[in-house]
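Here is the structure we will look at, set down as structure tokens.
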Amino acid sequence: MQQVIIGIDLGGSKIAIGAKIANQSELAAKIKIPTFIKGQPSSIEERDNFIKYLVDNINLFINEIKNNYIVLNKIGIGSPGKFQNNIIFPNTTPQFGPLFNDFDIPKALNKYFPNYQITIKNDAIAQMSASIDILLSSKQNILGQKIAYIGPGTGLGGGFGKINVKNNKVNMKFYTDGHIGDMIIDGHILAEKDYLSGMYLDNRLGIKNSGKYISSKLDQYMDLVKELGYRLGIIIGKIYEGHVYKSRKETMWNDEDRANVKGTKLFIIGGSIATKGEMGKIIISESYKYLNDKYQDVKFYLFPIEASDDFGIIGAASLI
């Protein structure tokens, strides 16, 4: 039987749990569940219940596949936020609430999976890692070049690095902490909260799951969709120029970080908003229009990756 590693895409609105075939970029199986049943935890007891909810679903999934696969004792988790040694930096996971500040999700899971190796890292890095395999297999010329991931979904994910070859093996060197959610636009607007994300759209329209709603009524919201593409182009342009300035001290970039991302022309576009059917195509098209007008001597390459759930799981499992 094939060996598999458990990968978890721990998003703000849903959790995808899957099994990645060891040494391959393929999923054996997956399930999806809501992130919270009753909203963000408001007490330690509710936080513990969330961990138990996650544990129960991991066990349910493992029991479903264990007769067909050898499940290795490894769990990789990709999640929005900044992590160091598996611990969540304060105020970097607003989708989970303040009770997760300085919290160690892998440590909490290890109480139920004592013999497992468990790690958690930023979900944009996970999705970026999985997406790069797709670009390489499609013969895209990305070796030795700077590459970025931007994922407008519930929030606004980001990842940055450079692809190299060492000892005949492709490897990715990541730099910065990846965060662009608190990137400042026009002096005071925050990229995630006020500019380009599901949270922003939900607040603007006063409805939940607004991205899905907008995509079903494109004629009604065409101007808004084009505006989102224009805004994605602005964010890409600022990254290319190295003009990435942040509002939160927890995710602040230094001059070296800005220098590393400056000149990036290859962008993987993920997330549920910019890759959702016809709406995603319009957003990408409008982004190109802005970039081609603003940077006439620069050739940008935007690669939309639609299967964000699968890539999130595969990337998470690849992190361990």
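The values are calculated or read from the model by the stated rules, or taken from the named source; none is laboratory data. All values reported here derive from a predicted model rather than from experimental measurement. All Cβ positions, glycine included, derive from the backbone under ideal geometry; neighbour counts span all protein chains shown.
Of Asn23, Asn49, which residue is more than 23 Å from Gly157 (Cβ to Cβ) and modelled with pLDDT of 90 or more?
Asn49
Considering only helices (runs of 4 or more DSSP H) fully contained in the range 102-218, which possess at least 2 residues that are among the hydrophobic types (A, V, I, L, M, F, W, C) and surrounded by 18 or more Cβ atoms within 10 Å (Cβ to Cβ)?
Fully inside the range 102-218 and qualifying: 105-110, 123-137, 198-205.
Might you let me know whether the range 242-265 holds any residue that is over 30 Å from Ile87 (Cβ atoms) and hydrophobic (A, V, I, L, M, F, W, C)?
no
Restricting attention to the range 282-302, which residues are outside any helix (DSSP H, G or I) and more than 15 Å from Ile239 (Cβ to Cβ)? Can you show your working first?
At the first step, the residues of the range 282-302 found to be outside any helix (DSSP H, G or I) are 295-302.
Once the filter is applied, which keeps residues that are outside any helix (DSSP H, G or I) and more than 15 Å from Ile239 (Cβ to Cβ), the range 282-302 yields Gln296, Asp297, Lys299.
Tell me which residues, restricted to the range 264-320, are over 20 Å from Lys121 (Cβ atoms) and charged (D, E, K, R).
Hits for the range 264-320 are Lys265, Lys276, Glu278, Lys281, Glu286, Lys289, Asp293, Lys294, Asp297, Lys299, Glu306.
Working only within the range 163-183, note down all residues that are modelled with pLDDT of 80 or more and in contact with a helix residue (DSSP H, G or I) (Cβ under 9 Å, 6 or more places away or on another chain).
Within the range 163-183, Ile163, Phe174, Tyr175, Thr176, Asp177, Gly178, His179, Ile180, Gly181, Asp182, Met183 meet the criteria.
Go through Thr264, Thr275 for me and flag whichever is farther than 27 Å from Ile21 by Cβ, surrounded by 15 or more Cβ atoms within 10 Å (Cβ to Cβ) and of a type in the set (S, T, N, Q). Write out each step before concluding.
Details: Thr275 fails: farther than 27 Å from Ile21 by Cβ.
The match here is Thr264.
Whether any residue in the range 78-88 is on the phi > 0 side of the Ramachandran plot and surrounded by fewer than 16 Cβ atoms within 10 Å (Cβ to Cβ) is what I want to check. Talk me through it step by step, then tell me what you get.
Let us first name the residues in the range 78-88 that are on the phi > 0 side of the Ramachandran plot, namely 81, 85-86.
Still in the list and also surrounded by fewer than 16 Cβ atoms within 10 Å (Cβ to Cβ): 85.
Scanning the range 78-88, I find at least one residue that is on the phi > 0 side of the Ramachandran plot and surrounded by fewer than 16 Cβ atoms within 10 Å (Cβ to Cβ), so the answer is yes.
Within the range 32-53, count every residue that is under 17 Å from Gly78 (Cα atoms) and part of a loop (DSSP other than H, G, I, E, B).
Matching residues across the range 32-53 total 2.
May I ask you to verify whether Pro41 is in contact (Cβ under 8 Å) with a residue 60 or more places away in the chain, farther than 29 Å from Gln2 by Cβ and buried (at least 16 other Cβ atoms within 10 Å of the Cβ)?
Spelling it out, it is not the case that Pro41 is in contact (Cβ under 8 Å) with a residue 60 or more places away in the chain, farther than 29 Å from Gln2 by Cβ and buried (at least 16 other Cβ atoms within 10 Å of the Cβ).
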